[in-house]
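Encoded as C-alpha cells, the structure appears first; notes follow it.
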Amino acid sequence: MSSNALIIQGVGIVVAVACALPGVFLVLRRAAMVSDAISHSVLFGIVVGVMAFELEVGSPFLILMAALSGLLTVWLVELVIKSGRLANDAAIGLIFPILFSLAIVIINVFARNTHIDEHVVLLGELVFAPINRVRIFGASIPEGFVVMGSILIVNLVLLLLFYKELKITTFDPSLAAALGFSPTLIYYGLMTMVSITAVGAFDHVGAILAIALMIAPASTAYLLTNNLKWMIILSAFFGSISAVSGYWVSNWLDVNTSGTIAAMTGVYFLLALVFAPEHGLLARFIEATQRRRRFAVEMLVFHLFNHENTPEQANESSVTHFMEVLNWQPEKITQTTNQAVQTGLVHRKNGQLELTGKGRQLAETVMAR
Amino acid sequence: MDIIEFITSIFTSYTLRNVAMGAAIMGGVSGALGAFAMLRKQSLMGDAMSHAALPGIAIIFILTQLKTAAALFLGAFVSAWLGALLVMVVVRYTRIKADSGLGLVLAVFFGLGLALLSWIQRSMGANQAGLDKYLFGRAATLVQDDVITIAIFGAVAIILVVIFWKEFKLICFDVDFAATLGFPVRFLDVLLTSLIVLAIVLGLQMVGVVLMAAMVVAPAAAARQWTDNLAKMVILSALFGALSGSLGAIISATARGLSTGPIIVLTASAFAVFSLLFAPNRGLVWDWLRRRRNNRRLAAVRVLEVLHDLSQNHTNPQHPHPTATLQATLPSYAVPVTLKRLESEGLVKQPTAGQWTITQSGIRRTYQLFNDEQTSSSPNQSQEVRA
C-alpha cells in the first residue's frame, strides 16, 4: 500500500468520524435535512469571503465565514418557521436554494477565471489529499489531516463537554427546558458543529460526501442499537469502513472517490436495513409472521376452550368447521392445527381436536388477558 | 439589446422561444405538483428525488450512448422513483424518520451518480460534456424535440391531476378519512408521488439536479400566501412556476456564462419572498405594521392612564412629573417617544422641559380610550384583539 493510499484513507476516516459525531444527533432530532441545507449554503460564505474580502482558499477566516453562512441558513429557516407561514421542510427547501443560487451566480459573473468552481463544491476529490500539504513544526503534513483533524478534535471536545446537554435536549426537550438547559442554545451549538464540519469536509471531500457521512452511518447505527453511546461509536465505525472500502472500490474502477464513498455508506445502510437483528426488514417480517401464527394458535385454542363440555362441542371442534367460524383459508387451518398439535396444545381424535392440559392452560391465560 | 428588440426576439429567436416555452411548461408542472407536495409536508421529497435522478441519467447513457431527452428522462424517472420508493419503505417499516430517509437517498444516490459520471468521463471522453448540464442546468441547449418531450410528459401529469383531483385533495387533507371511504390510499399516494417525480425529472435539463427541489417548494410557498383554497393555490403555484421558469431561462440564455438553474430558482424565490412579505392577510409586513400600531395605541393608553392617575393623586392636578418617573412606572413601553406623540396631539404638555402633565383633552381621551378598550376586549369581538 503506497503512502498516498494510506493518506487518502486516513483523511477519509478522519472526515467520517468528524461527521458521525454531529450526524447522530441530527438523525435523532429529525434534523437530518438541515445538514443538506447547511452543506449547500456554505458555498455562499466561501464565495463572499473570496470575492468581497479577498480571503485565500484555506484561510481560517474563510472557514469562519463559511460556517457563519451555515448558521445564517439555520437562523433564516427558524425565522420563516416562527413566522408560521411555512412548515419546517418547506422553509428549509426555500432558504438554502436561495443562498446556493446566489453563490453560483456570483461565481458565474465574477469568478469565471478563478479556481472556485461550482463543480468542486459538490464533487470534491479526496484523491488530491496527499498533494496539498502544510508545514507544521518542520514536518510536511497533508492539509486534509490538519484541517479535518482539528475539526474532529473540536467536535470530540464539544461532544464530551456537552454530552449530557445534547442527550437531554435531544430526547426530552421540554424536560431539558424545565431543568434550565436552553434547547435553543444547544441547537445552535450543534448547528455550529455541523457548519464547521461541513465547511472542512466541503473543501476536502465535497458537500455530498459530508451529507452522506453525517446521515447514512448514523441511520445505519440507529437500526442496530438503542444506546446513544453505541450509536455514536457504530456510526463512526460505519463511516470509517465506508471511507476505506469506498477508496478501494473507486481505485479499482477508476472513478470519483468521494462519490464512491457516499455510495458505500448506502450499501452498509441497505445491509442493516435488511438484516438488522431487531429493526431490520427481515427481522420485522419474521416477527410479524410469528406473531400472526401465535395469534392463530391462540384463537384456535380459545375457540376449542369456549365450546368445551357444551352440546356443540363435537361440531365446533371439527377441522372443517373452522373454515366458516374463523374465516380461515384451508392452508391456514392445516398450518395452525399442525403447529398446535406439534407444540402439544391439542391432540387429534376422530377428525376432531381436543385440548390438552397445556392447551387449556394457555386458553385460560389468553382469557385472563 | 433594447427592450422592444428583446421582446420580439422571444417570438422570433429559435433558441429563446424554445427556452421560454420549455421553462414555462416545466415551471408550471412543477409548481402545480409542488402545491400538493407542500400540503403533504413532502417539500423536501423533491430535493431528494432530483438528486436521486442522477445515477439513472448516467446509467441510461452508459447503456444506450443516447443523449436524447426522452431516453434520459426515462433513466432519471426510474432512478428518482426508486429513491422515493426506498424513502417510503424506510419510513414505513423502520424507526428512521422521513428527514433521515430523504437525506440518505439524496446523498447516496447522488454520490453514485457522481462516481458513474466520472467513469463516463474517463472511458467515454468528451461525450460527458452533454451530461454536465444536468448538475446546474443549461437552458440554451434546449432544442425543439426537448420542448416537445417536456410538453407531452407535462400534459400527462396535468391531465392525471385533473382526473384524480378529488382523490388527491382528499389524501392531502385527511388520509385516514380517505381510507375509511374506501379510496385506494396507497395507490393514490404512489401515483401522486410518481407525478411529483415526473415534474422534477422534466426540469432537470434546465434547472439541474442540485436546485430542482426549489422549483417544487418556492412557487407553492408563494401561492400558499395568497389563498386558502386548494384549486386557487394549485393554479397560482403553476402560474408562479411558469412565470419564473420562462423569465429565469430567458435572462440566463441572454447573458453569457450564466447557469440557468440558479437564475430560475432566484426568480421563483423572489416571488416566494415577496408573497411572504406582502400577500394580503398573510403578509408579514402587514402583520408587523398591525402589531406596531397596536403597540403604539397600547403605549398611548397606558401613559395617559398613568398621567391621569398621577394628576388625581395630587392636590394640584397640573403637577408635572419627569419622564424617568413615567418610564419607571411603565418599564416595558417606549415612554419618551409616546410622550412626544401625545404632545403633538395636544393630549399632554410640558410646563417645564422634561416634566409632563396631562391636558383637559388628554383626560377626555383617556376615558374614551379606556371605554374603547373595555368594549373591544368583550368576547364577541375577540378577533379584533388577536393581533
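Out of everything in region A:75-113 that is of a type in the set (A, V, I, L, M) and free of Cβ contacts under 8 Å to residues at least 12 places away in the same chain, what residue ends up being farthest from the other protein chains (Cβ to nearest Cβ)?
Per the criteria, the residue is A:81.
Can you go through A:246, A:206 and tell me which one is on the phi > 0 side of the Ramachandran plot and surrounded by 16 or more Cβ atoms within 10 Å (Cβ to Cβ)? Step through it out loud before you land on a result.
Numbers: A:246 fails: on the phi > 0 side of the Ramachandran plot.
From the options A:246, A:206, the qualifying one is A:206.
Would you be able to say whether some residue in region A:173-194 is within 14 Å of chain B (Cβ to nearest Cβ) and in contact (Cβ under 8 Å) with a residue 60 or more places away in the chain? Don't jump to the end; show me each part of the working.
Step one: of region A:173-194, the residues within 14 Å of chain B (Cβ to nearest Cβ) are A:194.
So of that shortlist, the ones also in contact (Cβ under 8 Å) with a residue 60 or more places away in the chain come out as A:194.
Scanning region A:173-194, I find at least one residue that is within 14 Å of chain B (Cβ to nearest Cβ) and in contact (Cβ under 8 Å) with a residue 60 or more places away in the chain, so the answer is yes.
Out of B:319, B:308, which single residue is touching a residue at least 12 places away in the same chain (Cβ under 8 Å) and assigned to a loop (DSSP other than H, G, I, E, B)?
Values: B:308 fails: assigned to a loop (DSSP other than H, G, I, E, B).
The match here is B:319.
Restricting the search to region B:39-76, which residues are in a helix (DSSP H, G or I), within 27 Å of the chain's Cα centre (by Cα) and surrounded by 23 or more Cβ atoms within 10 Å (Cβ to Cβ)?
Within region B:39-76, B:45, B:46, B:47, B:48, B:49, B:50, B:51, B:52, B:53, B:54, B:73, B:76 meet the criteria.
From the list B:253, B:221, B:249, which one is modelled with pLDDT of 90 or more and part of a helix (DSSP H, G or I)?
On the way: B:253 fails: modelled with pLDDT of 90 or more; B:249 fails: modelled with pLDDT of 90 or more.
Matching residue, one of B:253, B:221, B:249: B:221.
Touching a residue at least 60 places away in the same chain (Cβ under 8 Å) and within 14 Å of chain A (Cβ to nearest Cβ), is that true of residue B:16?
No: the conditions fail for residue B:16.
Could you tell me whether residue A:319 is surrounded by 11 or more Cβ atoms within 10 Å (Cβ to Cβ) and in contact with a strand residue (DSSP E or B) (Cβ under 8 Å, 6 or more places away or on another chain)?
Numbers: surrounded by 11 or more Cβ atoms within 10 Å (Cβ to Cβ): yes; in contact with a strand residue (DSSP E or B) (Cβ under 8 Å, 6 or more places away or on another chain): yes.
So residue A:319 passes the test.
Okay, residues lined up against (1) at pLDDT below 90; (2) under 21 Å from the mean Cα position of the chain (by Cα):
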residue: A:11; (1), (2): yes, no
residue: A:29; (1), (2): no, yes
residue: A:32; (1), (2): no, yes
residue: A:36; (1), (2): no, yes
residue: A:48; (1), (2): yes, no
residue: A:54; (1), (2): yes, no
residue: A:59; (1), (2): yes, no
residue: A:69; (1), (2): no, no
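Taking the condition of being without any contact (Cβ under 8 Å) to a residue 60 or more places away in the chain and facing another protein chain (nearest Cβ under 8 Å), how many residues in region A:212-221 meet it? Reasoning before the result, please.
Step one: list which residues in region A:212-221 are without any contact (Cβ under 8 Å) to a residue 60 or more places away in the chain, which gives A:212, A:216, A:220.
From what's left, facing another protein chain (nearest Cβ under 8 Å): A:212, A:216.
Total satisfying the criteria: 2.
Looking at region B:233-256, is at least one residue within 13 Å of chain A (Cβ to nearest Cβ), over 27 Å from residue B:160 (Cα atoms) and of a type outside the set (Gly, Ala, Ser)?
Yes, there is a match, as at least one residue in region B:233-256 is within 13 Å of chain A (Cβ to nearest Cβ), over 27 Å from residue B:160 (Cα atoms) and of a type outside the set (Gly, Ala, Ser).
Here is a yes/no grid of residues against (1) within 14 Å of chain B (Cβ to nearest Cβ); (2) hydrophobic (A, V, I, L, M, F, W, C); (3) surrounded by fewer than 19 Cβ atoms within 10 Å (Cβ to Cβ):
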| site | (1), (2), (3) |
| --- | --- |
| A:6 | no, yes, yes |
| A:27 | yes, yes, no |
| A:65 | no, yes, no |
| A:73 | yes, no, no |
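Looking at the structure I just gave you, is residue A:33 away from every other protein chain (no Cβ under 12 Å) and of a type in the set (A, V, I, L, M)? Working first, answer last.
On the way: away from every other protein chain (no Cβ under 12 Å): no; of a type in the set (A, V, I, L, M): yes.
No: the conditions fail for residue A:33.
How many residues are over 13 Å from residue B:27 (Cβ atoms) and within 12 Å of another protein chain (Cβ to nearest Cβ) when one looks only at region B:196-210?
Residues in region B:196-210 being over 13 Å from residue B:27 (Cβ atoms) and within 12 Å of another protein chain (Cβ to nearest Cβ): 3 in total.
Which of the residues spanning region B:274-289 are within 14 Å of chain A (Cβ to nearest Cβ) and in a helix (DSSP H, G or I)?
From region B:274-289, those within 14 Å of chain A (Cβ to nearest Cβ) are B:274-288; that's our starting set.
Those that are within 14 Å of chain A (Cβ to nearest Cβ) and in a helix (DSSP H, G or I): B:274, B:275, B:276, B:277, B:278, B:284, B:285, B:286, B:287, B:288.
The values are calculated or read from the model by the stated rules, or taken from the named source; none is laboratory data. Computed from a predicted structure; not experimentally measured. Neighbour counts are summed over all protein chains in view; Cβ atoms, including those assigned to glycine, are modelled from backbone coordinates with ideal geometry.
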